[in-house]
Amino acid sequence: MDNRKKLELIKEKKRREKHKHYKANFEDFAKDHIKIITKDSSKGFVPFELNSPQKVINDALEKQLKETGKVRAIILKARQQGISTYCAARVFWKTYYTPYTRSVVMAHDSPTSDNLFSMSKNLIENMDEDVRPKYARSNAKEIQFEHNNAGYRLYTAGSPEAGRGTTPTIAHLSEVAFWQHDEKILAGLFQGISQAPGTEVILESTANGASGEFYRLWKGAVEGKNGYVPIFVPWFLTSEYRTPVPKGFELTMEEEELKEEYNLDDEQIFWRRLKIEESGARKFQQEYPAKPEEAFIVSGSNVFDSKITNDMVGRSPRKRMMFNDEFGSWDEHREGDLQIWIPPTFDAKYAIAADVSLGTNQDYSVAVVFNSERQLCAMYRTNIMDPGTFGDILFYLGRYYNNALLCVESNSIGNTTLDRLMQMSYVNLYYETKVASMRTQDTTRLGFRTTSASKPRIIGYLKRLIEDLDIDLPSDIIIQELKDYIANDNGKTEALQGSHDDTVMAVAIAMEVLRTHGNKLTADKVSWKEKTSAFNYQDNTQWL
């Protein structure tokens with residue numbers, strides 16, 4: 001073999017080694033082979049070096065890819081941080097190196113979609129000639145590469161059927177919070193997306209209120225329920241978001257707290273102040289959040305102080321338990337519906353409040369256990385149990401917590417639960433006292449009835465306890481429902497559309513029970529045998 005041939009082989013070996021490295025390292029590939037236009041367009045096309053927000057995202061995606069073999073990510077971002085540029089470049093990189101890949105790019109409107117697609121073409125056309133891919137097909141909506149038969153397709157989320165029928169392996173879904181038909185489009189896309197190793201689905205958006213599919217998927221990701229990794233990028237990670245301060249610049253008390261909490265400098269604080277002057281504080285929080293809770297501005301007024309609820313931090317339950325109906329006992333189980341933060345002690349006094357649903361996979365039946373110090377001890381929550389069976393659960397839960405004072409909301413279906421508890425002869429049921437008028441005497445009624453008069457009273461009392469930091473709520477579910485609980489334009493308090501308020505109502509009823517009957521709590525001694533043995537119910541009904 002002559003020297004020329006050897007030299008060609010050496011060069012080819014080095015080329016293959018380089019591409020092997022680039023295939024596994026997006027950051028190096030971007031720096032060496034991708035050129036972009038930055039905010040300072042006078043510099044022209046420059047090498048794509050990841051900024052701080054882009055590095056945060058890249059690290060999170062690569063970590064997930066290494067751990068699971070694929071990427072499923074949802075990105076909550078501030079404006080103009082280069083996230084769409086990062087995603088467009090990553091989609092190109094994956095398509096460039098993965099044969100037969102079918103990539104999908106979709107944004108909320110035609111100008112944004114066209115801009116993303118133009119960005120992708122610019123990435124390709126400004127590559128060095130020796131690595132630039134050749135097109136097998138190229139038009140306004142589609143690109144296909146000649147060297148590996150891979151390509152991607154552009155869609156706009158303007159129709160409920162957008163993207164339906166596609167089977168993508170890579171998907172970049174941009175500004176999802178602003179999609180008009182988000183639920184239908186995502187349902188169609190998710191059905192077609194492959195679950196094979198190496199596939200990637202990235203949803204990214206600024207927030208657009210506390211509703212819609214982006215908000216739902218973000219909450220699910222934070223709670224670890226949907227397999228997506230939640231990535232939040234605060235505004236202050238962007239180095240350009242700063243302005244030189246004028247002479248005599250002084251921080252407000254709020255700004256001093258922010259500076260200390262997030263380790264900001266005066267130039268960042270001054271930039272923030274100017275932006276708030278332009279668009280207002282609420283709009284700034286939505287478009288330039290410092291933490292995720294700031295981004296999702298609700299369409300109504302928050303009933304509970306959002307600054308307090310955003311600072312509330314949940315704690316993992318000490319254990320989870322599942323009811324064993326064969327033995328009438330509570331058994332430890334990692335997927336149990338009963339979460340326990342404070343187990344029962346022999347001489348403690350407890351109150352239980354329950355909000356009842358039909359058990360048809362929609363609203364939840366919830367029972368919360370509090371001690372006399374207003375500490376949440378336990379919570380049972382299910383949406384697949386009928387009201388009668390829920391009565392059985394409450395019977396054994398009450399007995400487990402020293403025959404706790406048990407209050408069930410008595411509206412409609414709650415009466416079925418109360419009937420079952422009466423049938424089982426639960427020893428410590430709550431009776432609501434109706435205050436006497438001049439014509440009538442005091443009367444009592446089993447359970448608590450939520451009405452247009454009583455609901456504002458109990459919600460108002462819970463609001464005061466929360467704002468006075470006089471209640472301990474370690475449940476992440478309760479904290480989230482407090483954040484999603486609003487007063488609408490008519491003054492009615494309710495959960496945001498797509499959210500729940502079952503735990504909020506159960507907690508509010510529990511606080512009313514402690515307020516009115518706190519001095520009547522008892523600690524009936526219940527033996528361990530009674531706590532863990534089945535109730536012997538004998539049906540004495542005589543049938544004709």
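Any read-out appearing in this document is the output of simple, stated calculations on the displayed coordinates, not a laboratory observation. Quick caveat: nothing in here was measured; it's all calculated off a predicted structure. Here Cβ is always computed from backbone atoms with ideal geometry, including for glycine, and neighbour counts include all displayed protein chains.
Footprinting exposure proxy ranking of 100, 426, fewest other C-beta atoms within 10 angstrom first, gives 100, 426. Summing Lys and Arg as +1 and Asp and Glu as -1 over all other residues whose Cβ lies under 14 Å from the Cβ of residue 219 gives a net charge of -3. Of all DSSP bridge pairs formed entirely within the chain, close to 55 percent run antiparallel.
Hey, what D do you get for the stretch 234-297 in µm²/s if you plug the Kirkwood alpha-carbon radius into Stokes-Einstein at 10 °C and 1.306 mPa s? It comes out at roughly 132 µm²/s. Within the stretch 319-531, all pairs of alpha-carbon atoms sorted by distance into 10 Å bins from zero give the percentages 8, 36, 38, 15, 2, 0. For the stretch 51-233, the alpha carbon convex hull comes to 115 Å³ per residue, rounded to a whole number. Here residue 23 is the anchor, and the lysines within straight C-alpha reach of less than 19 Å, apart from those fewer than 8 places off in the same chain, are 11, 13, 14, 31, 35, 55, 63, 66, 70, 94, 134.
For the chain, the longest principal axis of the alpha carbon atoms and the long axis of helix 3-24 meet at an angle near 20°.
The slack in the chain from residue 164 to residue 59, taken as 0.36 nm per residue of separation less the alpha-carbon distance, amounts to 34.7 nm.
Between helix 454-467 and the chain there is an angle of about 60 degrees, using the helix long axis and the longest principal axis of the Cα atoms. By the Kirkwood approach, averaging reciprocal distances over each pair of separate Cα atoms, the stretch 1-104 gets a hydrodynamic radius of 15.8 Å. Peptides 494-501, 252-259 ranked from most to least packed give 494-501, 252-259, packing being the mean of other C-beta atoms within 10 angstrom over each peptide's residues. Take residue 110, project a point 7 Å from its Cα along the Cβ direction, then tell me which residues of the stretch 141-158 have their backbone nitrogen under 16 Å from it. Backbone N within reach: 141-142, 154-158. The long axis of helix 52-68 is offset from the longest Cα principal axis of the chain by roughly 70 degrees.
By the Kirkwood approach, averaging reciprocal distances over each pair of separate Cα atoms, the chain gets a hydrodynamic radius of 27.2 Å.
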